[in-house]
Amino acid sequence: MGCVAAADCDGFLEAITLPMVEVGLATVIPSAPAALGTFELASMALLAILGIEKAAAFSFTIVMHLMWSFPLLIAGLVLLWWTGYSRLKPQREPESPA
């Protein structure tokens, strides 16, 4: 909060929180994996309404999407490795009761 007060940016916190909340709500709509397309559309539309130029809005959208997606991707890959899951290994058939 000190940086915001020092920069004398009234409404700065609201300005950065609103896009994240709005985009989070927009991605609830069923869409492609990782909300590709829905995320970008919602973010670009909101930033255009806020008066952000198109190039800056696109850059913000891409960086924000990467920041939201990559931690989940990395965690998933680590868990797959940790559990020993591999599509290359043949899966065992479930044993039928005798």
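Fully extending the segment from L72 to S59, taken as 0.36 nm per residue of separation minus the present Cα-Cα distance, adds 2.6 nm. One compactness figure for segment 9-83 is 1.26, namely its Cα radius of gyration divided by 2.2 N^0.38 Å. Could you tally the net charge around L47, taking each other residue with its Cβ under 13 Å from the Cβ of L47, Lys/Arg +1 and Asp/Glu -1? That sum, taken over residues with Cβ under 13 Å, equals -2.
Quick note: the coordinates plus some simple rules give every number you see, no bench work behind them. None of these values were measured; they are calculated from a predicted model. Counting neighbours? That spans all protein chains shown, and the Cβs are built from the backbone with ideal geometry, glycine included.
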